[in-house]
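*Asks:* Take a look at the following structure, please.
The values are calculated or read from the model by the stated rules, or taken from the named source; none is laboratory data. Since this is a predicted model, take the numbers as computed values, not measurements. Neighbour counts run over all protein chains shown; Cβ positions are idealised from the backbone, glycine included. For accessibility, only protein heavy atoms count, side chains too; no ligands or nucleic acids. Shrake-Rupley method; radii C 1.70, N 1.55, O 1.52, S 1.80 Å.
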Amino acid sequence: MAEPRRSAATDRGDLDGVRMLVVEARFYDDIADALLAGATRALEEVGADFERVSVPGSLEVPPAIAIAIEAAERAGRPYEGVVALGCVIRGDTIHFEIVSTESARALMDLSVARGLPIGNGILTVDNDAQAWTRARAEEADKGGDAARAALALVRLKRRLGAR
């Protein structure tokens with residue numbers, strides 16, 4: 001197994017007490033497991049407190065994030081960042097374009113409108129082989145990359161004193 005990627009986003013120091021949300025689409029269970037393993041490893045490396053929510057598919061990820069962050073804020077335990085995980089594999093219809101484009105658009109809309117760090121780990125690929133290459137931690141580790149991206153934005157937000 002390859003050594004996990006390390007960057008400024010995996011240093012613990014300025015991420016003390018970070019609370020994260022992981023929302024995973026389970027449409028492709030095995031790929032979802034691989035993405036989740038990478039994200040979990042990256043979050044655990046910095047000692048993040050995180051909760052996981054599962055949804056059926058990638059289009060359900062953005063609304064689940066919106067619901068969860070609102071509930072967490074009402075409970076007085078807001079999330080500082082989110083990791084979105086899923087996989088969309090091209091098929092014979094335009095469904096791929098709709099799901100990949102709309103899930104990415106909704107994640108960006110949520111992130112910008114709310115100032116919410118979101119790491120987008122929703123794979124958009126042509127076939128199973130591409131999905132596995134990107135999902136496996138010992139290869140591209142896109143689940144871990146999404147977590148590290150969200151953590152880097154949390155770090156930036158904290159450093160700049162943004163709410």
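*Asks:* May I ask you to rank ILE118, ILE94 by accessible area, largest first, using a 1.4 Å probe over the protein chains only?
*Replies:* Details: ILE118 20, ILE94 120 Å².
Accessible-area ranking of ILE118, ILE94, largest first: ILE94, ILE118.
*Asks:* Could you pull out every residue, at least 5 positions away or on a different chain, whose amide H is within less than 5 Å of the one on THR124? Hs are placed 1.01 Å off N in the peptide plane, and Pro or chain starts have none.
*Replies:* Under 5 Å from the amide H of THR124: VAL88.
*Asks:* So what are the ³J(HN,Hα) numbers for the range 73-79, from phi and the Karplus equation (6.51, -1.76, 1.60; θ = phi - 60°), rounded to whole Hz, Gly and Pro as x?
*Replies:* 5, 4, 7, x, 10, x, 8
*Asks:* Relative contact order of the range 75-151, please, whole-number percent, based on alpha carbon pairs below 8 angstrom and at least 6 residues apart. Kindly include the intermediate steps, with their values, before the conclusion.
*Replies:* Working: 102 pairs, mean separation 29.8, N = 77.
Reported as a whole number, the value is 39 percent.
*Asks:* If the chain between ASP33 and GLU138 were fully stretched, how many nm would it gain, using 0.36 nm times the residue separation less the Cα-Cα distance?
*Replies:* On the way: separation 105, 0.36 × 105 = 37.80 nm, distance 1.37 nm.
Roughly 36.4 nm would be gained on extension.
*Asks:* Determine the distance separating the Cα centre of the range 21-78 from the Cα centre of the range 120-155; give it in Å without decimals.
*Replies:* Spelled out, the Cα-based centre of one part sits 14 Å from the other.
*Asks:* Right, next: Helix 142-160 against the longest principal axis of the chain: what's the angle in degrees, Cα atoms only, rounded to the nearest 10?
*Replies:* 30
*Asks:* Let me ask something additional. At 7 Å along Cα-to-Cβ for each site, give me the label-to-label distance between ARG77 and ASP49 in nm.
*Replies:* It works out to 0.7 nm between the two label points.
*Asks:* Oh, and also: If R0 is 25 Å, what FRET efficiency do you get for ALA162 and ASP109 from their C-beta distance, rounded to 0.05?
*Replies:* Numbers: r = 18 Å, r/R0 = 0.72.
It comes out at approximately 0.90.
*Asks:* Can I ask one more? Rounding to the nearest 20 debye, state how big the charge dipole of the chain is about its Cα centre with +1 on each Lys and Arg Cβ and -1 on each Asp and Glu Cβ. All intermediate terms of the calculation are to be shown ahead of the outcome.
*Replies:* Values: 21 positive and 26 negative charges, 155 e Å.
Here the chain has a charge dipole of around 740 debye.
*Asks:* Cα axis of helix 95-114 to longest principal axis of the chain: angle in degrees, 0 to 90, nearest 10?
*Replies:* 10
*Asks:* As I understand it, the value is the acute angle between the Cα axis of helix 29-45 and the longest principal axis of the Cα atoms of the chain; what does it come to in degrees, rounded to 10?
*Replies:* With both axes taken from Cα atoms, the answer is about 20 degrees.
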